[in-house]
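See below for the structure under consideration.
The values are calculated or read from the model by the stated rules, or taken from the named source; none is laboratory data. In this text, all values refer to a predicted model and were calculated from it rather than measured experimentally. Here the Cβ positions follow ideal geometry from the backbone for every residue, glycine too, while neighbour counts run over all protein chains shown.
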Amino acid sequence: MHDWLVQPFTIPYMQRALVEVLLLGALAGAVGVFVVLRRLAFVGDALTHTVFPGVVIAHLLGQSLLLGALAFGVLTALLLTGLGTHRRVGDDAALAILLTSFFSLGVVLISRTRSFTADLTVFLFGRVLAIDQTDLLQTLAVAAVVVIALVALRKELVLRAFDPEGAAAMGYRTGALDLALNLLIALVVVAAVEAVGTVLVIALIVVPAAAARLLADRVATMTTLACLLGAAGGWLGLATSYRVSVDHGIRLAAGATIVVVLVGLFLLAAAAAPLRRRLLPAGSR
Amino acid sequence: MSQLSLLDALGDEFARRAMLEAVMVGGLCGAVGVHVLLRRLPFFTMALGHATFPGVVLAALLGVSLFLGAALFGAVVVVVVALLGARERVDDTSAVGVTLSGAFALGVLLLSAQAGFSRDLSAYLVGSIITVQTSDLVTTAVVGMVVLGVLAALHKELVLGAFDRAGLAALGYPVLALDVALLLLVEATVVTSIPAVGTILAVALIVAPAATARLWTERLRDTMTLSAVLGAGSGLVGLAISLQWRVAAGATIVLVAAALFAISLVVAPRHGLIARHRATAALGPSSAPGGTYLPDESRDHSGRLAPAAMAWALCQWRVAKIRSLMASIGPTALMRTRIPRRW
């Protein structure tokens, strides 16, 4: 057990990777709660894809990837708030077109470079093991911003999730709240993009929160659980990826292993949920 | 050397095959896309595209047909989404999200355990239409004919099911079987378009031409015809551009389809933003649509939702809503809220 969970992290690059995935897991879990409550998984998925051309352009221009991702994240958060507030006929179609066309833009741009496939793979799936001190600090800064915003807006966002008409009637600007949430999702995607890549971020956001939703009845409990599950999935996935790669010589991509572990945790939660309901009387839940 | 690389390339076997594939896949996706839109299945289609990925990888590892692997995994995903979505606390969107990311990660995991990780990966993800084989063409043609044949045969039932499921059930049709049939048709289309545009971008070729066609047409049969033509046209134009400037073909096709949609959204005669703006202005400010007028307009005399009126009202509502939202999130609107101060 000690060999499996602790020993890999005596190596410096594994330590940095661990800190990064713990941070990201907890952060994505917290934001994911609202994504799941609001049923915004498609919006989250769209954001993860639309950030991609920003990363590619930043790479081509030799700028910080984070900046490029941030610019496109904010741009799509603005566009999505316009398209995705009320999901009716055509809104999900517009979302699908937006995300695939942005993604295609990234692919077209990157297809002009010589190292096309290698670059594409890194941007899509990240390289958590190559995280350095600067990346950690950036993630930490983004995490601080997101946590502060979440704490400040918690009450309003919960109200918006459960009673949109009520929120509007009380004078809250629901459009602005949606924009804030979309920006928060974009920030998490941006923070996670270098570590786990654009495609797998959506798993960090949706899966822990969906698992927590199965087990919790209160938003506060659900948030705590989602953070814990996200961080635990990151740790277990990283350790598993290292152990299997080193001991058995089978290279397992770290980001993908983390996601598979998270989905495993989700399935455990799905299995445990009926048990829990039977054990706890209705009143105490 | 003429100006157009496409014309030069026509002498080459590979370019002729790529063109044929682009036209067939585009047309097929366009026709199926109308049903995807009617049922609001874009996210599901997207998930199907991602989720076939591990199937493709497994099939490549085992040396069996990629279509078989992808189709099998697609079917598994249909079942998993249905099972998860049926649970009390997992809504459909989250079920699709979890399935999508889990399946995709599984595919990456399987690939990463192999050598030659990145080369094969990008071909699956974003397509490689230049390298389609004659066998791919035959598969596309056969699958396309079967899918279009079933769509034509079940047209009435599928359309009724999209608008009025209760009515369809009351008429004695097997609603669930029809739903599954449609999902399987969508799956077959996604799998067929993987060689051309890849797993991630297949959804674009399905959704974009159909959404564009809906902006220009009023009748469903016209929509389907136009959608198929637009899909095939996007394939052809995208391929020509990609040959001319040597960029990724699949992504270019998608960009062409998306550009057609964006242009149509603005200029389409009845449903475009300009036409809507003129109509609203002509009616005066008091008739400017809000978000809540839908139920009154879409009810017929018996109080039930009339499908056609509802669809029409939703079309109007969407464009107006997007515009008003765009206006409300302008910089001045933001400054009046408390959010920026807290940041």
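Some points to look at:
- Checking B:Val142 against (1) free of Cβ contacts under 8 Å to residues at least 60 places away in the same chain; (2) farther than 23 Å from B:Leu72 by Cα, the condition it does not meet: (2)
- Residues of region B:139-151 that turn out to be at pLDDT below 90 and not polar (S, T, N, Q), as a count: 0
- Count of region A:246-260 residues which are farther than 16 Å from A:Phe9 by Cβ and touching a residue at least 24 places away in the same chain (Cβ under 8 Å): 4
- Helices (runs of 4 or more DSSP H) lying entirely in region A:1-73 (those with 1 or more residues that are within 14 Å of another protein chain (Cβ to nearest Cβ) and touching a residue at least 40 places away in the same chain (Cβ under 8 Å)): A:12-37, A:41-61
- The numbered conditions (1) surrounded by 14 or more Cβ atoms within 10 Å (Cβ to Cβ); (2) assigned to a helix (DSSP H, G or I) are all true for B:His271 except (2).
- Qualifying residue in region B:168-179 (condition: crowded, with 21+ Cβ neighbours inside 10 Å, without any contact (Cβ under 8 Å) to a residue 60 or more places away in the chain and not aliphatic (A, V, I, L, M)): no
- Residues (within 11 Å of chain A (Cβ to nearest Cβ) and of a type in the set (D, E, K, R)) located in region B:244-271: B:Arg246
- Options B:Val247, B:Val229, B:Val237: the member that is over 12 Å from the mean Cα position of the chain (by Cα), surrounded by fewer than 23 Cβ atoms within 10 Å (Cβ to Cβ) and part of a loop (DSSP other than H, G, I, E, B): B:Val247
- Residue in region B:40-52 that is away from chain A (no Cβ under 13 Å), assigned to a helix (DSSP H, G or I), within 30 Å of B:Ala240 (Cβ to Cβ) and out of contact with any Leu (no Cβ under 6 Å at 6 or more places or on another chain) present: yes
- Selection status of A:Leu181, touching a Phe, Trp or Tyr at 6+ places or on another chain (Cβ under 7 Å) and either surrounded by fewer than 17 Cβ atoms within 10 Å (Cβ to Cβ) or farther than 24 Å from A:Ala46 by Cβ (or both): no
- Of B:Val57, B:Val80, B:Val36, B:Val90, all but one fail to be surrounded by 16 or more Cβ atoms within 10 Å (Cβ to Cβ) and modelled with pLDDT of 85 or more; the exception is B:Val36.
- Residue, nearest to A:Leu204 (Cα to Cα), within region B:97-110, restricted to residues that are at the interface with another protein chain (Cβ under 8 Å from one of its Cβ atoms) and of a type in the set (A, V, I, L, M): B:Val98
- Subset tally (residues that are surrounded by fewer than 20 Cβ atoms within 10 Å (Cβ to Cβ) and closer than 23 Å to A:Ser101 by Cβ) for region B:129-151: 1
- Leading residue by the ranking (modelled with the lowest pLDDT) among those in region A:71-111 that are within 28 Å of A:Asp132 (Cα to Cα) and surrounded by fewer than 22 Cβ atoms within 10 Å (Cβ to Cβ): A:Leu109
- Matching entry among A:Leu265, A:Leu236, A:Leu252 (being over 15 Å from the mean Cα position of the chain (by Cα), more than 9 Å from chain B (Cβ to nearest Cβ), farther than 19 Å from B:Leu100 by Cα and hydrophobic (A, V, I, L, M, F, W, C)): A:Leu236
- A:Val158 being surrounded by 23 or more Cβ atoms within 10 Å (Cβ to Cβ) and among the hydrophobic types (A, V, I, L, M, F, W, C): no
- Cross-chain or 6+ apart pairs with Cβ under 7 Å, region A:211-229 first and basic (Lys, Arg), then assigned to a helix (DSSP H, G or I): A:Arg213/A:Val36; A:Arg213/A:Met222
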